[in-house]
């Protein structure tokens, strides 16, 4: 399999024209935390882990800090249910139940073809799920096979919940939407008992701390504690709204928590059978899952509002406080912008009436910008938290230049004449609420490049400049006849530029507020972006085109037309070369300013409503109409050579069919969608090569390469004599004390007596004879034997392979022990081996080190036999000179380049 095939993306939608975008690669999604799928908690020792479904994947969090640990793979359909057991996570999606381990899909339960599977539950060695066609399916967890199926044919019993009562062997209790319950034996597949209707459908069931007692949450808001053995009600409580989840404390406090579809959490004292407290607005959506941590006063809740929260019960009144949370938008973002110049932070305003801060690299730093003590005020005023939020943000501006000194964000809100300041450093609202001077609605805001001044664009057409530090008005720019749609200031605070519904772009003098120029645009501008360093303004107009204006001449220098519907947002690239636009036609297009052509475009399944280019140029961030996340696209031009050419915008048919744009799936939380495919391809390659990747010894024959051995292998060899002199003992070793003559000692570091029986004279003589034979056989060194074989075969690779395995002292001893009474055959062969190694251009530094040791040891012998060794020495001299010339040239070239770069700055 070649590299392009390994990098092929496995997408559900494929382009009919080009295979993918030339410039942008899906990277990852931000802001996905939880969904309406109930979470699953798994305990491993003292640690707890939370698994939450998010769209077509799942996340695994550490419950202690709600930090993200693993991200599951992407499935073909939305996740319906999750269940964590040990190291395995069972995920139901698209009618199949997949088995994942550490975020990777490893297996699947046997398919039953019964539609969506919900309500996954562990029952000993079994996994139980409820299918869409009203069947309870039971799998064996070890074999992954279906153990049995309990089918409910009658529509008078629609399964809604399943629970296993503690201590009941092979029995489950099944609740229905009609309000009745049945007890089933899964071994015999028989209904053992049926309860009378409770008058309302069963929404959820859990085991109570007491044996034989189940807690039932009903659709009408009642909570029943029912003894299933006696079929008798133990307690009945009631809350407002449908019961979505029930949990019991396990730290010896008789408390029960119930949640509602409105996001409230009710706390009940079971001893006194009374309501203790209601956490109103605990979540902004229905609470999907709720669990008390084992043995701790901690309540963990997850909700469809895209959040997970932990509540701590540390007060005497039993009222919990929010300990920690992890959340994202629960309404799609409408505007996103990078904050600061490092490209690490993104601000986002969504339909959930929240302003959020996202960290691109560290998810745990993401947070919602606080709007004050809304929870406390909601309790005092007895209203929901949602009613106290500010109206939806329609436009905002930020500047990090003075973020440590005063507020650095301005927001204007839907139908409001007020502008609020925010501080990113504290993740909260700022000190000032700025009002429109003429009581008209504020439509656009901006902050100067220095961070000292803010601009308010009003529906009346006026622009108000205020001081960000004091919040006082400084100047008014009047001249537009209709509402202002965009404001920008240049880098030097010389001019202010604005667009309006009156179809003009006007330039104002920053110091005096007087108009210094006006450009009549053929179509009404709805959005404006500015590249401050380049002095260019881009206006998105109602005719689905982008017009670029030069701020010096105030002339339209480029027009980009090609979108089939209204442009929703636009952004300049960090270097000012490209303009990226998103449109209601579901395409994201890139326009090249120098050539005036469209150079890239791709189609997405969801309409892009906002785009932002990173100040460092590495990512393009997008927000989409029906997605609560922020999606990052990697800029290919940052790490590869990208060939761009003109693309005809007319290649897209007017009927909306994609004939030239690639249909790309949105990025996922796991990063690149083909990570799993690449891992499989890498594993296949590893298996083909014996389980490991084998790097080539030399990339090309023309390259002089060094060895992969540590430097100490050859540097120590060159200084071995100095090291030996330094390590010589200062005093001679003392002889050990003599033992009694009748007790012989054993040689070693510590003194021990030899208590073995003395050997006979015959045994001693045989041992001495054998030792003399061994000595006589092994007088020739191993290196000499290898050189002898190399002389016969003319293959010298074994010489260096043997020397590489030795330590520096052993190498020195082997070279110095070469025989000289064999007619200098060993010395001649060693010189031939060094010459061959230099000629192969491998292990250059080792060859030089071994040669130096040899010349130092045999200098006198070589000099005395110079005539005999001259041919060999001549070849060695020529090869050394040639290879040294190559290495010396590379060293000189590198030194010159470094010196040039140092002096040129």
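Every number here is computed from the coordinates shown, using simple stated rules; none is lab data. Here the structure is a predicted model, which is why all the values come from computation and not from measurement. Cβ atoms come from the backbone with ideal geometry, glycine included; neighbour counts cover every protein chain shown.
What to note about this one:
- Cβ-to-Cβ counts within 10 Å put 27, 893, 802, 61 in ascending order as 893, 802, 27, 61, the fewest first.
- Virtual paramagnetic centre 7 Å along Cα→Cβ of residue 321, amide N under 19 Å, in region 369-398: 370-380
- Quick note on region 135-210: its Rg to Rh ratio, both from C-alpha atoms and Rh being the Kirkwood radius, is 0.97.
- When the convex hull of its Cα atoms is viewed from all sides, region 304-441 shows a mean projected area of 10.1 nm².
- When you restrict to C-alpha pairs under 8 Å that are six or more residues apart and normalise by the size of the chain, the relative contact order lands at 8 percent.
- Potential lengthening of the chain between residue 807 and residue 76 amounts to 257.4 nm, from the contour at 0.36 nm per residue minus the alpha-carbon distance.
- With contacts taken as Cα pairs under 8 Å and at least 6 residues apart, region 522-666 reaches a relative contact order of 16 percent.
- For the pair residue 438 and residue 389, the difference between a 0.36 nm per residue extended length and the Cα-Cα distance amounts to 15.2 nm.
- Modelled spin labels at residue 785 and residue 861, positioned 7 Å past Cα toward Cβ, are 2.0 nm from each other.
- Within region 778-805, backbone nitrogen closer than 20 Å to the virtual label 7 Å beyond the Cα of residue 890 toward Cβ: none
- Think of it as helices only: each DSSP H run of n ≥ 4 in the chain is worth -39500 (n - 2.57), and spread over all residues that comes to -5500 deg cm²/dmol at 222 nm.
- √(5λ) per eigenvalue of the Cα gyration tensor, region 129-171, largest first, Å: 20, 15, 8
- In this simple spin-label model, placing a label point 7 Å from the Cα along the Cα-to-Cβ direction at both residue 269 and residue 509 gives a separation of 7.4 nm.
- Peptides 159-167, 474-482 ordered by average Cβ neighbours within 10 Å, highest first: 159-167, 474-482
- The value for region 102-144 of Rg(Cα) / (2.2 N^0.38 Å) is 1.18.
- Computed E for residue 222/residue 542 - FRET, C-beta separation, R0 51 angstrom, nearest 0.05: 0.40
- Scoring 864-873, 293-302 by mean Cβ neighbours within 10 Å over their residues and listing the highest first yields 293-302, 864-873.
- Our estimate of slack between residue 382 and residue 88, defined as 0.36 nm per intervening residue step minus the Cα-Cα distance, is 101.4 nm.
- Tilt relative to the chain, helix 825-839 - C-alpha long axis, 0 to 90 degrees, to 10: 30 degrees
- Equivalent-ellipsoid semi-axes for the chain (Cα gyration tensor, √(5λ), whole Å, largest first): 67, 49, 28.
- In plain terms, the bigger the Kirkwood radius, the slower the diffusion; for region 522-666, with that radius from Cα pairs, at 4 °C and 1.567 mPa s, Stokes-Einstein puts D at 84 µm²/s.
- Region 35-151 - Debye-derived log10 I(q)/I(0), Cα point model, q = 0.19 Å⁻¹: -0.94
- Across region 105-236, the relative contact order, built from alpha-carbon pairs under 8 Å that are at least six residues apart, equals 13 percent.
- Burial ordering of 403, 856, 421, fewest other beta-carbon atoms within 10 Å first: 856, 403, 421
- Angstrom value of the Kirkwood radius, inverse mean 1/r, which spans all Cα pairs in region 167-252: 13.3 Å
- Residue 492-residue 839 pseudo-label distance in nm [points 7 Å out on the Cα-to-Cβ vector]: 7.0 nm
- All C-alpha pair distances within region 331-520, sorted into 5 Å bins from zero, spread as 1, 8, 16, 20, 20, 15, 10, 5, 3, 1, 0 percent across the bins.
- Summary of packing: across the peptides 703-713, 568-578, the per-residue average of other C-beta atoms within 10 Å ranks them, highest first, as 568-578, 703-713.
- Taking 186, 54 and counting other C-beta atoms within 10 Å, the order from fewest to most: 186, 54
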